[in-house]
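Colleague: Okay, handing you the structure first.
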Amino acid sequence: VLKQFNISVLDSHYLEGFGGKKTFIFFKMNGCPHCEKMQGEWDKFVKNNRTNIPTKELEASANQKLAKQYGVKGYPTLLLVEGNTVISTFDGERTAEKFEEFVTKHSN
C-alpha cells in the first residue's frame with residue numbers, strides 16, 4: 001500500500017538528494033483525528049496527481065527533525081518545499097480538488 005500511494009519516511013538527507021525539486025508534503029501525526037479525516041482526500045489526490053510535483057507523506061514522530069526544520073506546529077500540515085525551503089503552506093479546504101489546485105498553481 002505504501003508504494004501504491006508513494007508514501008515514504010524521509011529525512012533531510014533524502015530531501016537534499018531529491019535534486020531540489022518541488023515536493024508537496026503531508027506532515028501527519030498518528031492518532032490525530034484531523035489527519036485521519038483528511039487521509040482519504042490526500043490518498044485520492046496522490047493517486048490522481050497529474051502535476052509534475054511529487055508528493056510525500058511524513059509521520060511527524062518519525063520525522064521530528066524535518067518537522068522542526070520546516071516549522072511544523074500542528075497536524076495535519078501541508079507544505080510545498082523545494083530543498084530546504086518552504087515555498088508555500090496549504091491552508092485551503094482539505095479536499096483532493098483543492099490540493100490539486102494548490103499544486104498546479106505552484107508548478108511553474
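Colleague: So which residues in the stretch 67-98 are of a type outside the set (S, T, N, Q), under 23 Å from Lys37 (Cβ atoms) and within 12 Å of the chain's Cα centre (by Cα), if there are any at all?
Modeller: Hits for the stretch 67-98 are Ala67, Tyr70, Val72, Tyr75, Pro76, Leu78, Leu79, Leu80, Phe90.
Colleague: If the requirement is being open to solvent by 70 Å² or more (accessible area, probe 1.4 Å), at pLDDT 95 or above and charged (D, E, K, R), which of these qualifies: Lys21, Lys3, Lys37?
Modeller: Exactly one of Lys21, Lys3, Lys37 is open to solvent by 70 Å² or more (accessible area, probe 1.4 Å), at pLDDT 95 or above and charged (D, E, K, R), namely Lys37.
Colleague: A further question on this structure: Looking at the stretch 68-96 only, could you name the residues that are in a helix (DSSP H, G or I), touching a residue at least 40 places away in the same chain (Cβ under 8 Å) and open to solvent by 30 Å² or more (accessible area, probe 1.4 Å)?
Modeller: Residue satisfying the conditions is Gln69 alone.
Colleague: Given the conditions (1) more than 22 Å from His106 (Cβ to Cβ); (2) out of contact with any strand residue (DSSP E or B) (no Cβ under 6 Å at 6 or more places or on another chain), and given that Ala60 satisfies all but one, which numbered condition is not satisfied?
Modeller: Tallying (1) more than 22 Å from His106 (Cβ to Cβ); (2) out of contact with any strand residue (DSSP E or B) (no Cβ under 6 Å at 6 or more places or on another chain), Ala60 fails exactly one: (2).
The values are calculated or read from the model by the stated rules, or taken from the named source; none is laboratory data. None of the values given here were measured: they were computed from a predicted structure. Cβ: placed from backbone, ideal geometry, glycine included. Neighbour counts: every protein chain shown. Remember, those area values only see protein heavy atoms, side chains included, never the ligands or the DNA or RNA. Shrake-Rupley method; radii C 1.70, N 1.55, O 1.52, S 1.80 Å.
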